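What follows is a short report on a single structure.
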């Protein structure tokens, strides 16, 4: 039976940027530790990175204050983007025609989770490597004889 992972989230609605552009920034922080993700967003050159950073900080604050999670163990479990409304405008064109201008908005959700410490499996892996190295040394000695 799997343990349920504690998660916390924050949402931002009606961010004035297209979902495709916002998703480029969201991709950069998916799976990163919370502090690394904040650093990534701080030094990003994308305009929307400040909005994404605010949402991430809100998710971290929710995790700490509402669920009592440890900030040092937090990582970005999910960061996904949704489509919101589209403002429709027009501008005059030749011969009395008009052309559409679409100004899209996006929604952003950032989910943070607490990473569990996994010390036991690492010890087993090192134990497995030692016998293989010993076997290899024995084979090398046999070949040299």
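Read the figures in this text as sums done on the coordinates, not as results from a lab. Computed from a predicted model, the values in this text were never measured in an experiment. Note that each Cβ is placed from the backbone with ideal geometry, even for glycine, and that neighbours are counted across all protein chains shown.
Taking other C-beta atoms within 10 angstrom as a stand-in for reagent exposure, 15, 71, 29 fall in the order 71, 15, 29, fewest first. Rounded to the nearest 0.05, what FRET efficiency is calculated for residue 30 and residue 88 with R0 set to 22 Å and r the Cβ-Cβ distance? The pair residue 30/residue 88 has a calculated efficiency of 0.10.
The ranking of 81, 112 from fewest to most other beta carbons within 10 Å of each one's beta carbon is 81, 112. This ranking places 67, 43 by how few other beta-carbon atoms lie within 10 Å of each, fewest first, which gives 43, 67.
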